[in-house]
Amino acid sequence: MGVINTNEWLEDSGDDLSKILTKLQGYFPGVESERFYRELAYFGMVGRNNGTKWDLAKLIERKEIWEWTRELMNTYKEEWDGPDIPVFIFPIARSNSLFKRDALRKSGVAYKDKLFLFLPSDVGKKELRALFVHEYHHVCRMNRTEGEIQENSLLESMVMEGLAEYTVLTECGKEFIAEWCQKYPEKKLEFLWEEFFRNNLDVKKKEKTHNQLLFGGGRIPALAGYSIGFWLVQNYYLKRKFDVKNSLKIKKILFLNNIES
């Protein structure tokens with residue numbers, strides 16, 4: 001499938017969200033448009049009252065963004081033996097998002113069979129590459145993981161985030177990793193691990209506690225689960241180096257065994 005010409009969708013639809021959702025409906029079989037939109041908006045998709053026609057026009061003008069993404073898709077699909085999935089590019093919401101990678105305001109969300117990138121009109125080629133590497137790594141690992149995604153444990157979710165961002169580190173360099181990788185000092189991570197995470201690693205993605213721990217909420221700091229995931233992967237890599245293709249299939253239990261040894 002490859003990169004979808006969402007620039008043409010945006011030209012045709014302007015800021016009429018309903019037209020965009022109608023075009024996306026076929027990629028979410030059996031799911032109401034309002035439901036999948038809420039999830040996409042949660043991760044940064046522009047929508048009602050948080051974008052402007054100017055934002056749309058500026059992004060549409062930059063046709064090279066779609067070309068860059070096609071190049072990235074072709075490169076990493078071949079290097080990682082990844083699946084051929086549809087990739088959708090949309091403007092990112094102006095409002096602050098928990099999931100924006102950094103001050104450059106870009107975000108994304110990956111599914112087993114599709115990928116969304118939410119971008120500002122001024123995104124650069126290197127920043128786009130870092131985001132694509134992270135999200136497409138998710139897609140590849142999900143396609144190598146047995147079972148339904150909703151049955152994923154908290155441990156698998158944290159490991160997935162850590163591995164994806166460690167791949168950004170190796171592919172793009174330290175200056176392109178997300179802020180949450182270095183958000184908390186190691187002492188803080190060790191405390192959070194013992195206090196909140198260690199005894200909740202089997203919590204399933206479909207359970208409310210999973211997202212509270214992964215994303216933060218209540219007594220859990222913002223994106224603590226992401227930060228701990230990177231910490232787990234980094235500690236494992238220091239003892240047992242691995243390449244990107246291996247990172248797509250390393251079993252989650254190995255990261256736990258490493259930190260507990």
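When region 7-24 is limited to residues that are touching a Lys or Arg at 6+ places or on another chain (Cβ under 7 Å) and touching a residue at least 24 places away in the same chain (Cβ under 8 Å), the one that is nearest to Ser121 (Cα to Cα) turns out to be Asn7. Just one residue in the set Gly216, Gly173 is surrounded by fewer than 16 Cβ atoms within 10 Å (Cβ to Cβ) and either in the same structural domain as Gly124 (by TED's automatic domain parsing) or not basic (Lys, Arg) (or both); that residue is Gly173. Taking the criterion of being within 19 Å of the chain's Cα centre (by Cα) and crowded, with 16+ Cβ neighbours inside 10 Å, the residues of region 245-261 that qualify are Ser247, Leu248, Ile250, Lys252. Report, by residue number, each residue of region 132-175 that is closer than 23 Å to Leu72 by Cα, touching a residue at least 24 places away in the same chain (Cβ under 8 Å) and not in a helix (DSSP H, G or I). Passing the criteria: Asn143, Arg144. Can you tell me which residues in region 75-100 are in a loop (DSSP other than H, G, I, E, B) and either surrounded by fewer than 20 Cβ atoms within 10 Å (Cβ to Cβ) or modelled with pLDDT of 95 or more (or both)? Across region 75-100, the qualifying residues are Trp80, Asp81, Gly82, Pro83, Asp84, Ile85, Arg94, Ser95, Asn96, Ser97, Leu98, Phe99.
Please determine, by comparing only the residues of region 176-192 that are surrounded by 16 or more Cβ atoms within 10 Å (Cβ to Cβ) and not aliphatic (A, V, I, L, M), which one is farthest from Leu72 (Cα to Cα).
Only one residue fits best here, namely Tyr184.
Can you tell me which residue within region 24-38, out of those that are farther than 14 Å from Lys114 by Cα and exposed (fewer than 15 other Cβ atoms within 10 Å of the Cβ), is nearest to the chain's Cα centre (by Cα)? Selected residue: Arg38. Looking at Lys187, Lys249, just one residue is of a type in the set (Lys, Arg) and within 25 Å of Trp80 (Cα to Cα), and that residue is Lys249.
The values are calculated or read from the model by the stated rules, or taken from the named source; none is laboratory data. Nothing here was measured: the structure is a model prediction, and the numbers come from that model. Neighbour counts run over all protein chains shown; Cβ positions are idealised from the backbone, glycine included.
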